[in-house]
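Input: a single structure, listed below in structure tokens.
The values are calculated or read from the model by the stated rules, or taken from the named source; none is laboratory data. Keep in mind that what you see is a predicted model, and the values were worked out from it rather than measured. Here the Cβ positions follow ideal geometry from the backbone for every residue, glycine too, while neighbour counts run over all protein chains shown. Protein only, heavy atoms only, side chains kept; ligands, DNA and RNA dropped before computing areas. Shrake-Rupley method; radii C 1.70, N 1.55, O 1.52, S 1.80 Å.
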Amino acid sequence: MIGKCALCYRERELQLSHIIPKFVIRYLKKTSVGNIRRTDNPNKVVQDGEKHYLLCKECEERFNSAETLFASKVFYPYLKENKEEFEYDE
């Protein structure tokens, strides 16, 4: 799908982008008591998080890099080690 990227505003081929990062959806699926369901149709179980055509490939990769760094440095240490203080830079 061709459209304007929501981040760089260039006309590009847009990728299906997760609204909530995939690592968060995986965690929710793993720790939920029940299934993940759609808000507009609660009787329907969903396998993956909501996605929309939002970002070009280049911007999607930028988000992916930042999400991977956040997941490894903050999200998982917080969950697995009960870590509450984090060092950071730029």
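General observations
- Filter result for the condition that a residue is free of Cβ contacts under 8 Å to residues at least 60 places away in the same chain and over 21 Å from Leu79 (Cβ atoms), over Leu54, Leu28: Leu54
- Of all residues in region 37-62 being in a loop (DSSP other than H, G, I, E, B) and over 15 Å from the mean Cα position of the chain (by Cα), the one that is surrounded by the most Cβ atoms within 10 Å (Cβ to Cβ): Val46
- For region 17-35, a residue qualifies if it is in a loop (DSSP other than H, G, I, E, B) and surrounded by 14 or more Cβ atoms within 10 Å (Cβ to Cβ), and exactly one does: Pro21.
- Neighbours by Cβ (under 8 Å, 6+ apart or cross-chain): first from region 8-23, under 7 Å from Cys56 (Cβ atoms); second open to solvent by less than 90 Å² (accessible area, probe 1.4 Å) and in a loop (DSSP other than H, G, I, E, B): Arg12/Cys5; Leu14/Cys5
- Inclusion of Leu14 among residues that are open to solvent by less than 80 Å² (accessible area, probe 1.4 Å), outside any loop (DSSP other than H, G, I, E, B) and either farther than 30 Å from Asp89 by Cα or among the basic types (Lys, Arg) (or both) is warranted.
- Residue list for region 71-90, filter: at pLDDT 85 or above and either among the β-branched types (Val, Ile, Thr) or open to solvent by less than 100 Å² (accessible area, probe 1.4 Å) (or both): Ala71, Ser72, Val74, Phe75, Tyr76, Pro77, Leu79
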